[in-house]
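S.K.: Here's a structure for you.
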Amino acid sequence: MEAQLEDQLNAIMARPGVVGVTCVDKRGLCLSAKGIASPNMSGVLSSIADQARKVDPANSSSPIVRLESDQGYCLVQKRSDFTLGIFKKY
Amino acid sequence: MGCCFSCNDDDDSQGVDSSERARLLQDPVSNTPVVRVPQSDSRVVGNSSGSHPQRGQEDELAKILQETASAMIDVSGSGSHSLDQREFQERTRHYLAKVQTLSPTLLRPPNLLLGDTPNPEKHLGAPLISQEDIDLMEWAMNEVEAALYSIRVVHSEDLVVPFGGQQQAAMSVSD
């Protein structure tokens, strides 16, 4: 049923530098999380993407949010039905 | 201008005591300009009538003047209080040690999520999201979106379960 989603997330994990990926539905519930991504951060990532979209509401495309830390960074983007978070290391 | 009044109530504690009761400034007498006490004897020469009461009054005034002069602290004459770097660091260490012994939690930095960055220009001047990451996100979003729309509910069992029939069968087994 969700095998194709799992395959796509595994393909994202195989990209260089990617150490985690999570997919969240529009209600902030975790659909899948791999690597260092935790299902507990699903709601937070969805909310961050929602708030970032409010910064420039006239922009039709949702912004890519980059959260930096010492070890790496996280890219978050939202579309109509889901939010995707990709964790990368430096 | 620049003078402070100092009472002599704690004269006995000066000198040997170097604690908080010690004077912050130097000996006021040595720093104050010398107050010339008028010599009453020289001014009353030749004035024989009533000289004793006037001399006594002048002596009293001279005494008051001298006491006042000794009680005054000339701040402007005590020099600047600028600390050199080494003394400043020593005092800083001393005060920090004192505060640490009194309240160990006072100097502890608050547990904040966002910390101070020593070189903010390095982060602020860093390039934005690289084109590689933008391409990665665009590709991943398209792939995940296609994968989500391809999700179909596949039911492998019967959607309608004969609940009443199973209940009757279970009751007959229990009997």
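Read-outs throughout are calculated quantities, based only on the coordinates presented, and are distinct from any laboratory measurement. None of the values given here were measured: they were computed from a predicted structure. As a convention, Cβ positions derive from the backbone with ideal geometry for all residues, glycine included, and neighbour counts pool all protein chains shown.
S.K.: Please find the FRET efficiency linking residue B:94 to residue A:27, where r is the Cβ-Cβ separation and R0 is fixed at 51 Å, and quote it to the nearest 0.05.
M.R.: Details: r = 58 Å, r/R0 = 1.14.
According to the calculation, E is roughly 0.30.
S.K.: Using a ≥ b ≥ c from the Cα gyration tensor of chain A (square roots of the eigenvalues), is it rounded, prolate or oblate, where a/c under 1.5 gives rounded and otherwise the larger of a/b and b/c decides, a/b for prolate? Working shown, then result.
M.R.: Details: a/c = 1.77, a/b = 1.23, b/c = 1.44.
The shape class here is oblate.
S.K.: With r as the distance between the Cβ atoms of residue B:108 and residue A:13 and R0 = 35 Å, compute the FRET efficiency 1/(1 + (r/R0)^6) and round to 0.05.
M.R.: 0.30
S.K.: On to the next question. So for each of B:147-157, A:37-47 I average, over its residues, the number of other beta carbons within 10 Å; can you give me the resulting order with the highest mean first? Kindly include the intermediate steps, with their values, before the conclusion.
M.R.: Values: B:147-157: 10.0, A:37-47: 17.2.
Answer by packing, highest mean first, reads A:37-47, B:147-157.
S.K.: Here's a follow-up. Tell me which trypsin sites (Lys or Arg not before Pro) from region A:11-75 have a DSSP coil assignment and no more than 14 other beta carbons within 10 Å of their own. Let's see the in-between values first.
M.R.: Values: sites: A:26, A:27, A:34, A:53, A:54, A:66; in loops: A:26, A:27.
Sparse-neighbourhood loop trypsin sites (Lys or Arg not before Pro): A:26, A:27.
S.K.: Which lysines, if any, have their Cα less than 24 Å from the Cα of residue A:34, not counting same-chain residues under 8 positions apart?
M.R.: Those lysines meeting the cut-off are A:26, A:78, A:88, A:89.
S.K.: I've got another one for you. Evaluate peptide B:147-153: per residue, the Cβ atoms of other protein chains within 10 Å of its Cβ; return the mean as an integer.
M.R.: On the way: counts 13, 10, 2, 6, 6, 2, 1.
That works out to 6 on average.
S.K.: Give me the net charge for the shell around residue A:82: Cβ to Cβ below 13 angstrom, other residues only, Lys and Arg +1, Asp and Glu -1.
M.R.: -2
S.K.: Averaged over B:122-130, how many beta carbons belonging to a partner chain fall within 10 Å of each residue's beta carbon?
M.R.: Rounded to a whole number, the mean comes out at 1.
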